[in-house]
1. Could you please let me know if Phe82 is without any contact (Cβ under 8 Å) to a residue 12 or more places away in the chain and either surrounded by fewer than 20 Cβ atoms within 10 Å (Cβ to Cβ) or within 24 Å of Thr125 (Cβ to Cβ) (or both)?
2. Of all residues being in a helix (DSSP H, G or I) and of a type in the set (Gly, Ala, Ser) in the stretch 9-37, which is nearest to Phe145 (Cα to Cα)? Just the residue, please.
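Only the coordinates and a few stated rules stand behind these numbers; no lab work does. These numbers were taken from a predicted model, which means no experiment stands behind them. FYI the Cβ positions are ideal-geometry reconstructions off the backbone, even for glycines, and counts take in every protein chain you see.
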Amino acid sequence: MTAKNFFQSKFMLLFGILLVAAAWLALLIPKGELEWIINQNHTPAMDFLFKYLTWLGDGIVMAFLIIGLLFYNYRLTVLASFSAILQAIFISLFKRWLFAGLERPLAFFDHDQALNFVEGVDVHTTNSFPSGHTTTAFALFALLFIIINKNDILIAGMLLLGAVLVGFSRVYLLQHFVIDVYFGALFGILSVIIALFLMEKIFSSQTLTEMKNNSLRTKLFNKK
């Protein structure tokens, strides 16, 4: 899938609608209010779900995807690697430099407010912007859409829903504000789009085809 094809895909169409809707909510609702409402509506089932679902945004999941792609084809392996590098740049630039020390919800809310926590989750207090887990999750599910290579609205919707749930988990677990998740999602998708453009600029069409037709599996077992 080329950068142009991905940009014009059903996945990006749905993502664009999501961005507009989320921006509208962010403008209407003051910082902290939506996070407070979500925090006050915890249930045991959602505690269990989001405690583990949030790990889909961990960097180790992206690492496993890249390793797995080595056995599928080199083109997708390089694409995922480029995306992972760009994610790291985005997160380091904003979280560690431009907005270093920015308070998270736990530090934002008054200490006398009754907050709900999920057992076993270590809630952080600083370096809130953006949400790194959300960045990784949106990049991960966008890459899965490219790997599946079917511009189907149902597939796009299901994959985008998976990314949204990971982003929501970061708010539910009191780790991030909605605005952190919003830009985390944006950075995740941007990392994939830029990676696609870089692939097309750096490598020739012939090289990209050769990379697509080869993998560690073909090298080890001498078959395509």
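1. no
2. Once the filter is applied, the top-ranked residue is Gly16.
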